[in-house]
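What follows is a short report on a single structure.
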Amino acid sequence: MKLDTYDRVDLTGPWAGFGFQGHRFFTPEGRDIDPVGMSYWSLTCNIAREWALMMAEGRERVWHPRPAEVIYLRDVLRRRREKRLSVESGQGVAASGQRSPTGRGRRRPRRG
């Protein structure tokens with residue numbers, strides 16, 4: 001039996017609505033996919049399959065919880081503010097061992 005896809009061939013089962021006609025694959029939405037598009041579609045399906053396998057392998061790994069500590073943002077911001085104020089309060093940049101603070105204001109336009 002020879003299957004000539006030039007005549008309309010409708011697929012059945014889970015592929016109902018899809019088919020071939022004129023050496024092109026059509027979808028239930030009425031879109032045509034040419035042979036070049038089929039190769040990209042195949043590549044996309046293979047990438048999706050590999051991604052699913054990779055995610056499944058990741059889920060199967062045994063997870064060992066590691067000890068972790070909670071960081072309170074309030075304390076971090078308070079320490080940063082205290083550090084900044086100690087630098088600004090007269091110790092100077094050279095005494096603190098840090099680089100000079102960069103300006104954060106708007107730049108003035110250059111003349112010339």
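Every read-out reported here was derived from the displayed coordinates using simple, explicitly stated rules and does not represent laboratory data. What you see is a predicted model; the values in this text were computed from it and never measured. Ideal geometry is used to build each Cβ from the backbone, glycine not excepted, and the neighbour counts take in all protein chains shown.
For this structure, a couple of remarks:
- Subset of segment 12-26 [surrounded by fewer than 14 Cβ atoms within 10 Å (Cβ to Cβ), on the phi < 0 side of the Ramachandran plot and either in contact (Cβ under 8 Å) with a residue 60 or more places away in the chain or part of a loop (DSSP other than H, G, I, E, B) (or both)]: T12, A16
- Taking (1) surrounded by 10 or more Cβ atoms within 10 Å (Cβ to Cβ); (2) part of a loop (DSSP other than H, G, I, E, B) in turn, E29 satisfies each apart from (1).
- The set of residues from segment 32-82 being in a loop (DSSP other than H, G, I, E, B) and over 30 Å from D10 (Cβ atoms) comprises R61, V62, W63, H64, P65, R66, P67, A68, E69, V70, I71, Y72.
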